[in-house]
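A short reminder: the numbers here are calculations on the coordinates, not readings from a lab. Bear in mind the structure is a predicted one, so any value in this text is a computation, not a measurement. All Cβ positions, glycine included, derive from the backbone under ideal geometry; neighbour counts span all protein chains shown.
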Amino acid sequence: MVLARVLAVAIFVVMFVLVVLDKIEKHYVTLTCGALTLLLVFGVAMRDMNAVIETLNLSSLIQPGFWIGEAPESAGIDWATIIFLAGMMIMVEGMALAGFFRWLCMKLAKLVNYQTIPLFITFMIMSAILAMFIDSITVILFLAAVTVELAKLLKFNPVPMILSEIFCANLGGSATMCGDPPNIIIGSKLHYAFVDFLTNTGLIAGISLIIIVVYFYLVFRKELVSEAVIDVSTMPDPKEAITSKTGFIGSTIIFGIAVVMLITHANTHLSVAFIGAVVAVITMIFNHKHLKEIMSKVDYKILLFFMGLFIVVGGLEQTGILEEIANFIKNVSGGNVKVMVAIIIWVSATASAFVDNIPFAATMVPIIQGLSAGNPALQATLAWTLSMGTDIGGAATPIGASANVVGTSVAAKNGHFIGWGKYCKSAAPATVIVILVSMLIIFVRYC
Amino acid sequence: MDKQIMIAIGREFGSGGHEIAERIAKSMGIALFDKNLLEIVAEKNNLDLKEVEKFDEKSRNLFLSRKVNGFSNAIEDTIALMQFDHLKECAQKGESFVVVGRCGDEVLKEYDHMLSIFILGDKEDKIARVMNKYQLSREEAIEKMVRHDRKRRVYHDSLAKGDWGDAHAYDMCINSSRFGVEKTAEILVDFIKASL
C-alpha cells in the first residue's frame, strides 16, 4: 500500500503542477495522469481490478437512481457532473447563438437610461444572477464586451465595472449548485439538491452581494463619472442583438425549463444528469439547423479534464490518503467545528486564489466526508464552508478563476490593461470581506 | 510592387538580421515592421507606448497569468495579439512588407506570398558585431547575446508551433557570416524576387 500511496500522491502533485503551469493543455494533463493512476496505482501497486472499476464508475450510468430517484453512492468519475455540465454548455451555446445575452445586457442598459452608476449596480446584480445558472465564463464574456462597448459610447472607464462584474459572477456562482464547478462536484458527490445550495450558500451569497455592491460603489464611485451627454436615440437597439426571433424565444423557454427543473429537482427527484441530458436534447432538436455550430463551440476539453481529474482524485481516495488528511485536520482542530470551518474556508480561499479551484474542491470533498464521519449536519456545514471558500477565494487574483481571466482579457483586447496591482487592489479586500461574512454566518447558523 | 510579398525574418542577436531586413525592405521598396509595429498598435488602440514597451516581444509569466479558452490575461500576450492582428490586416489588404521577429513566420503562414527567413551567424562574428555596436566588453557582449536569444526563443516558442531557429520552420536559413550583411541581403532579395 505504501508504494500505491507514494505513486498516487506523486501523480497528483505532477498533475497539479502541470495544471498550474498551463504549458500543456489541461485535459491532456489530467487524462494522462488518470491513465497513470489506473495503470500504476491500481494495476502495478495495488493489483486491484475492483479499484479500477469503482473509479471508472461506468456502472453508475445504468443505475435507475442515476437519472431519476435516489442517487447511488459512487466514487471516482462523477458522470452526473460531466453530463450536467455538457448539457448546460449546449443550452448556453444555443442562447448565445440567438443573441440572448447581448440582448439582456442592452435591454438593462436601456432600462436604466444609460446612467453610469445605475448601470454599474444593475450589471453587478445581473452578473451575480446569471452566474447562478450559467457558467461564469459566458456571463463575463458577454457582460465585459457590452461594458466596453457602452463605455466607448458613454465615455466612462470600463475597468471598475468589469472588475465588479467579475467579482459578482464569482459570488453569484457560489449561490447555487450549478453556478460554479466546485459546487456541482460538492452537490453531486454529497447528494445535495439545488435548493439545499440556494437556502445555504445562496443566503450567504445574497447577504454578501448587498455588502459587495456597496463596497464597490464606495471604491469606484469617483472613477465612474461619465463625460458624455447621453442621446438615448443614438444608442444601439437591444432588438438588434437578436439573431433569430424563433431561436431567441426557444432558447429562453429552454433556459426557463432548466431553471424550473433545477429548483424543483429535490421534489421531482430528477437528477442533475437527467436535467443536463434533457436540456441538451431539447436544445439540439430546437437548433438542429445550427447543430454543427453549437456543438463545435462546446468546451469538450473541460469535460475530458474533469474525467481525468476524477480518476486521479480516485487514486488518492482508494489509497486512503484523503482519509489521513481528514484525520490530520480533525486532530489539529481537536474536533472543534468552528476551528474546522475556519481552517477549511481560509485554506480553500487562499489556495483557490492562486490555483485552479476544481482539483482542489474535488480533493476536498472526500476529506469532508471523512471529517464528518456520517454526521449529516456536520457534513453539510463543511460542504457550505468548502463551497464559499473555493468559489470566493478564486475572485481575489486575476488568475484565481476563469471569469477573472476572460474579463481581464476582454478589457485588455480593448486597450484597458488590468495588472495584478489594479486587480487585487479592489478584489482582494472584497474577497476577504466575503470570506469573513461567510465564516461568521456559518458560525452563527450552524456551529 | 505589383505582386504582394510578405517576408518574415527571424534572427539571432548579433547576426545583422535587422540590418539585412532593412536592406531588403529598401531594395524591394516595401514597408518594414520592427519596433515601429508596437508604435502603430499603440496609436491604434490608444495605448501609452511607454507603458506597453516593456511587454513587447516577451513571453508571459506562467505563474502570474492564465489562459482560458483562448483568452489570456497576460499583457504580453495581448500586445503580441494586437501586433499579429495588424500584420494579418495588412496581409488581407494585399500589402507587401518585411516583418522582423514578432512570430511573423507563424502569424502569416496561412497566407500565400509569404516567405520566412531565419538569419544566423558565427559566434565570433556576432560577438564582434555586438561589442562594436553597443561598445561592450567581450563578456558583456556574450551575456547580452545569450539573454536576447533566450528571450526571443521563449517568446517565439510560446506563441508559435514551430521552434525558433529550427530550419524546418522556415523557407530559408542563411548564415550572415559567410557573405556579410550586404551580400546576404542581396542574395535574399534575389531569392525573394525568384519566388514572385
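When only DSSP loop residues count, what trypsin sites (Lys or Arg not before Pro) in the stretch B:137-183 have their Cβ near at most 16 other Cβ atoms within 10 Å?
Sites meeting the loop and neighbour criteria: B:LYS161.
Pairs A:LYS289/A:LYS413; A:LYS155/B:LYS58; B:LYS44/B:LYS93: which are spaced more than 23 Å apart, C-alpha to C-alpha?
Correct reply: A:LYS289/A:LYS413; A:LYS155/B:LYS58.
Report, by chain and number, residues whose modeled amide H sits under 5 Å from the one on B:ILE5, excluding near sequence neighbours (fewer than 5 apart, same chain).
B:SER96, B:PHE97
Which lysines have a Cα lying under 16 Å from the Cα of B:LYS123, excluding residues fewer than 8 positions away in the same chain?
Here the lysines satisfying the reach criterion relative to B:LYS123 are B:LYS133, B:LYS144.
Which pairs break 32 Å Cα to Cα here: A:LYS23/A:LYS239; B:LYS3/B:LYS183; A:LYS297/B:LYS109; A:LYS107/B:LYS35?
Correct reply: A:LYS23/A:LYS239; A:LYS107/B:LYS35.
Could you check which residue among B:TYR111, B:TYR155, B:TYR134 shows the biggest mean-square fluctuation in a GNM of chain B with a 10 Å Cα cutoff?
With Cα springs under 10 Å in chain B, the top fluctuation among B:TYR111, B:TYR155, B:TYR134 is at B:TYR134.
Using +1 at the C-beta of Lys and Arg and -1 at the C-beta of Asp and Glu, which of A:PHE255, A:SER208, A:GLN369 has the Cα lying farthest in the positive direction of the dipole of chain A?
Working it through, the farthest residue towards the positive pole turns out to be A:SER208.
Per 10 Å bin from zero, what fraction in whole % of the C-alpha pairs of the stretch B:6-195 is there, up to the bin with the longest pair?
9, 35, 37, 17, 2
For chain A, modelled as a Gaussian network with Cα springs under 10 Å, which listed residue fluctuates most, A:GLU93, A:GLU293, A:GLU165?
A:GLU293
I'd like the antiparallel share, as a percent to the nearest 5, of DSSP beta bridges with both residues in the stretch B:6-195.
Among the beta bridges of the stretch B:6-195, antiparallel pairing accounts for roughly 10 percent.
Would you tally the net charge around A:MET89, using a Cβ to Cβ cut-off of less than 9 Å, leaving A:MET89 out, and scoring K and R as +1, D and E as -1?
The answer is -2.
Hey, got a sec? Which GluC sites (Glu not before Pro) in the stretch B:102-196 land in a DSSP loop and have at most 15 other Cβ atoms within 10 Å?
B:GLU110
If you line up the long axis of helix A:300-318 against the longest principal axis of chain A, both from Cα atoms, how many degrees apart are they, to the nearest 10?
Roughly 30 degrees, rounded to the nearest 10.
Among the aspartates and glutamates, which fall within straight-line cross-link reach of B:LYS126, defined as a Cα-Cα distance under 14 Å, with same-chain neighbours fewer than 8 residues apart omitted?
B:GLU12, B:GLU19, B:GLU139, B:GLU140, B:GLU143, B:ASP149
Given springs between every Cα pair under 10 Å in a Gaussian network model of chain A, which of A:ALA51, A:ALA228, A:ALA326 has the largest fluctuation?
Of A:ALA51, A:ALA228, A:ALA326, the most mobile in the Gaussian network model is A:ALA228.
Report the Rg/Rh value for the stretch A:202-274, based on alpha-carbon coordinates and the Kirkwood definition of Rh.
Dividing the radius of gyration by the Kirkwood radius yields 1.16.
Based on alpha-carbon positions alone, could you give the equivalent ellipsoid semi-axes of the stretch A:48-106 from the gyration tensor, as √(5λ), descending, whole Å?
Square roots of five times the eigenvalues give 35, 12, 8 Å.
Determine by what factor the alpha-carbon radius of gyration of the stretch A:224-360 differs from 2.2 N^0.38 Å, reporting the quotient.
Compactness ratio reported: 1.64.
Rounded to the nearest 5, what % of DSSP beta bridges with both residues in the protein assembly as shown are antiparallel?
In the protein assembly as shown, approximately 15 percent of DSSP beta bridges are antiparallel ones.
Given a cut-off of under 8 Å on Cα pairs at least six residues apart, what relative contact order in percent is computed for the stretch B:6-195?
36
Step by step: find N for the protein assembly as shown, compute 2.2 N^0.38 Å, then divide the Cα radius of gyration by it. What's the final number?
It is 1.08.
Evaluate the charge dipole of the stretch A:83-156 about its Cα centre and quote only its size in Debye, nearest 20, assuming +1 on the Cβ of each Lys and Arg and -1 on the Cβ of each Asp and Glu.
Rounded to the nearest 20 debye, it is 320 debye.
How much length is gained on full extension from A:THR252 to A:VAL339, taking 0.36 nm per residue of separation minus their Cα-Cα distance?
Roughly 26.9 nm would be gained on extension.
If you average the sequence gap of Cα pairs under 8 Å that are 6 or more apart and divide by the length of chain A, what percent do you get for the contact order?
Worked out over chain A, it gives 25 percent.
Could you name the aspartates and glutamates in cross-link range of B:LYS88, using Cα to Cα under 14 Å and dropping any fewer than eight places away on the same chain?
Result set, ordered by chain and number: B:ASP105, B:GLU106, B:GLU110, B:ASP112.
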